[in-house]
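Single-structure report; data block below.
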């Protein structure tokens, strides 16, 4: 399991909190336990220490090997050390003068990620507080390339702009379109195939549709690793279409970007060297501390800086004594910005690309193991064969197993996952998510990332879901 | 100096790094010292430990009592502990189920801040990664209130929208306008008086101007504590104008919001109980760990949620077993979001409102001390009498002291601060910022926040600037 075994869960999490993933209390109960009120007088240190213990105790143990509720999990000790250092040195990344080390580290990490992506001429980039902002940056850059004047004059006399993305894409594309004055209705959703991948011919139809309406399609968002199914849109075929229609191609690889570290799995992202921008969150599968989200752009003409800059004279003085191209703050729409790149730099330095590759391979092998177990077990049914680390499945309690396929069965099945989830939270034995998808009734989604998770943990998950739901 | 003396700088910063604020190296030199390259193979732990030491060594010591370069400084031990815990428990704030403790703490801190502001009917809010995003949220909410349809259809058939703000406002208003499709030219800047405060009659003129052009003014941004001069726009008078014209009034109190904690200084924010939204960064004067930025809105009709929500079915399921109004994630345009409120909650709990008040009073007393010293010293000249914690001044080397007031004097003086700053960085003895402002030649801006700063440190600053610049 590689180097990270040098530090185990046992070192990181206090012993008495090991057993449970969470200790559930309703909001009303927990408010009483925490005594949240802020008063005129402070409290003595012993009291504060107890409040720290309580904050830890009642928080969900996201590093617990049975936490599978989100697209992040586990503890990466090197990255955690980096995040502690970053907190202690209290650095904001606006200028080289105030953040010399982290400015250079961010540059080094971005260059390396760009190299891994395969942009041979290089590129540019920035770390953002979360992948949603990276996707929003992509929309902004695509719009700026289409018409730089919008930055100054706004979009009031602009033609109607249209973004194309699959129906399975992350909601940040919609949120971004709303924020940016483009509007959620101008996000045209392209149908997906049975595995959740964008259908290229359907993309081309939607582009033609938008044009026939007099609208202007200006960018396509392809998703590499959709949130629920873990599907990869076919980047190469989409790139052909974008070239033909001169559209900005962004890849939301926040979740699936890690696959590019693996010789075995990088085919999932085939064609990514051709795209204009990429969002990739090392805090997901690569387990960097929260948050660690890179936005990468292939442009080499300072598009990022030109699109976002405001040239504040109190921060980005041009009469400085050093090369001010190292002052990266004006590439961001933020002012204060955390040195998140350091959390990835230090762990990459410690582990090397090979160990990162092995972790990706291991995570996908674990997903495969879980899928095979599900196929073997009575009462479990895969939603689809996993292409990536997302394993989606239904659990059918014995009472439903002999019912014929019918709307009634699915209606009943839809109510099972929420009840199992409620019981799971109340026992605190594990955590995993569930959701409906299109016509599909509520199903569980498991994602295995952390090297601290064993096959026994996965067997436990299936046993436990059965135990929690067998009477339903 | 209050409770924080229990933990001093000596406990927090390794002894050998105490003397210098920074150890300057050019980007090229520092790249060599750090060996930034990321390789296939990882490095042994001893090497990684050295890399951690180097990252600390070459980083600027922003907690050093002679660091005055930004609007944050010093070390708040309770807040730092909270930030370590937040890193270790690895929590993202989307839902109550995954972040029970921090969801409730955020709610408690927001309620308390709302109470302090004086919104007697309550309100809503969220913590953001930096004040720029809070200001952007304000613009988005103001626009949504003006016309909720923009969220869906975009602004393509909208009338030209106009934001009004003072010429001294933070650049995030422009950046936000660009990002949101409003355009930087539709940010109308209102002239300020000799102290940098928005002139209400000029605001009214600009509103009329916009209307006469057929544009639609929809919000005013008032600044409470401008970045350079620390000026406070007259909120009460501006609120009268906004009421008359039915405009959203936002107050960017990222920097100056702390004054409201002090009975002595809260008059600076007179009228804030009347405004629609406030951005307030406890990571600035109140010294919470980076980042800690609150956005507060007086609305009680879920405007924040309605404006930003995307209702992702995999995260915000409506068939959960608990009250889903505690799932606050859909109020944000982010998906992953850090539990920054905890960093303020823990220190407030430990210090109480009274100690926070004393810190504000002390910071402003120190600014007053520094201003008086500047007035006493030959060769130093205040740019203006400080109204808040910003002390802006010129240093005139002896060679310039006997020159008559003339454009030539100011031209020469303009070159002094950059050279002094360069020498300051290279000796590492202290750090403070400089900038021009409008017609004003480059001047220094000092901001004293931290209780760890003594009068001796301020005397040192003035001595040192003289030592570094006397030959110019």
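Some observations on this one:
- Flag for residue A:94 being more than 7 Å from chain B (Cβ to nearest Cβ), more than 30 Å from residue A:319 (Cα to Cα) and more than 19 Å from the chain's Cα centre (by Cα): no
- Selection status of residue B:312, under 23 Å from residue B:129 (Cβ atoms), part of a loop (DSSP other than H, G, I, E, B) and either at pLDDT 95 or above or out of contact with any helix residue (DSSP H, G or I) (no Cβ under 7 Å at 6 or more places or on another chain) (or both): yes
- All positions within region A:320-339 that are surrounded by 20 or more Cβ atoms within 10 Å (Cβ to Cβ) and part of a loop (DSSP other than H, G, I, E, B): A:327, A:328, A:332, A:333, A:334, A:335, A:336, A:337, A:338, A:339
- Failed criterion for residue A:317 (all others in (1) more than 20 Å from the chain's Cα centre (by Cα); (2) touching a residue at least 12 places away in the same chain (Cβ under 8 Å); (3) buried (at least 18 other Cβ atoms within 10 Å of the Cβ); (4) within 14 Å of chain B (Cβ to nearest Cβ) hold): (2)
- Count of residues meeting criterion [more than 20 Å from residue B:149 (Cα to Cα), under 20 Å from the mean Cα position of the chain (by Cα) and surrounded by 24 or more Cβ atoms within 10 Å (Cβ to Cβ)] in region A:173-196: 1
- Looking only at residues of region A:388-412 that are free of Cβ contacts under 8 Å to residues at least 12 places away in the same chain and not in a loop (DSSP other than H, G, I, E, B), we find that the one that is surrounded by the fewest Cβ atoms within 10 Å (Cβ to Cβ) is A:407.
- Count of region A:207-228 residues which are assigned to a loop (DSSP other than H, G, I, E, B) and within 19 Å of residue A:279 (Cα to Cα): 4
- Search result, residues across region A:143-161 that are away from chain B (no Cβ under 11 Å) and crowded, with 23+ Cβ neighbours inside 10 Å: none
- Candidates B:108, B:99, filtered to the one that is at the interface with another protein chain (Cβ under 9 Å from one of its Cβ atoms), within 27 Å of residue A:133 (Cβ to Cβ) and buried (at least 24 other Cβ atoms within 10 Å of the Cβ): B:99
- Region B:167-188, subset in a helix (DSSP H, G or I), touching a strand residue (DSSP E or B) at 6+ places or on another chain (Cβ under 6 Å) and more than 14 Å from residue A:312 (Cβ to Cβ), residue farthest from the other protein chains (Cβ to nearest Cβ): B:177
- Meets criteria (outside any helix (DSSP H, G or I), more than 7 Å from chain A (Cβ to nearest Cβ), surrounded by 23 or more Cβ atoms within 10 Å (Cβ to Cβ) and modelled with pLDDT under 95) for residue B:164: no
- Test: residue A:358 is surrounded by fewer than 21 Cβ atoms within 10 Å (Cβ to Cβ) and within 14 Å of another protein chain (Cβ to nearest Cβ): yes
- In region A:117-158, residue nearest to residue A:308 (Cα to Cα) [restricted to those that are in contact (Cβ under 8 Å) with a residue 40 or more places away in the chain and out of contact with any helix residue (DSSP H, G or I) (no Cβ under 9 Å at 6 or more places or on another chain)]: A:142
- Hey, residue B:368 modelled with pLDDT of 95 or more, within 22 Å of the chain's Cα centre (by Cα) and surrounded by fewer than 17 Cβ atoms within 10 Å (Cβ to Cβ) or not: yes
- Region B:229-272: number of residues that are part of a loop (DSSP other than H, G, I, E, B) and out of contact with any strand residue (DSSP E or B) (no Cβ under 8 Å at 6 or more places or on another chain): 7
- The conditions of being assigned to a loop (DSSP other than H, G, I, E, B), more than 21 Å from residue B:340 (Cβ to Cβ) and modelled with pLDDT of 95 or more are met by residue A:96.
- Test: residue in region A:197-206 that is surrounded by 24 or more Cβ atoms within 10 Å (Cβ to Cβ) and either modelled with pLDDT of 95 or more or not in a strand (DSSP E or B) (or both): yes
- Scope region B:24-63; condition in contact (Cβ under 8 Å) with a residue 24 or more places away in the chain and more than 9 Å from every other protein chain (Cβ to nearest Cβ); matching residues: B:33
- Listed conditions (1) within 21 Å of residue A:126 (Cβ to Cβ); (2) buried (at least 21 other Cβ atoms within 10 Å of the Cβ); (3) at the interface with chain B (Cβ under 7 Å from one of its Cβ atoms) are all met by residue A:344, apart from (3).
- Check on residue B:467, more than 16 Å from residue B:386 (Cβ to Cβ), modelled with pLDDT of 95 or more and part of a strand (DSSP E or B): no
- Considered as a group, the residues in region A:413-429 that are away from every other protein chain (no Cβ under 12 Å) and more than 26 Å from residue A:168 (Cβ to Cβ) include one that is surrounded by the most Cβ atoms within 10 Å (Cβ to Cβ), and that residue is A:429.
- Residue match in region A:424-431 (condition: out of contact with any helix residue (DSSP H, G or I) (no Cβ under 9 Å at 6 or more places or on another chain) and either at pLDDT below 95 or part of a helix (DSSP H, G or I) (or both)): yes
- Residues that are facing chain A (nearest Cβ under 9 Å), assigned to a helix (DSSP H, G or I) and under 19 Å from the mean Cα position of the chain (by Cα), drawn from region B:64-90: B:80, B:83
- Selected residue (criterion: nearest to the other protein chains (Cβ to nearest Cβ)) from residues of region A:282-309 that are in contact with a helix residue (DSSP H, G or I) (Cβ under 6 Å, 6 or more places away or on another chain) and in a loop (DSSP other than H, G, I, E, B): A:289
The values are calculated or read from the model by the stated rules, or taken from the named source; none is laboratory data. Nothing here was measured: the structure is a model prediction, and the numbers come from that model. Ideal geometry is used to build each Cβ from the backbone, glycine not excepted, and the neighbour counts take in all protein chains shown.
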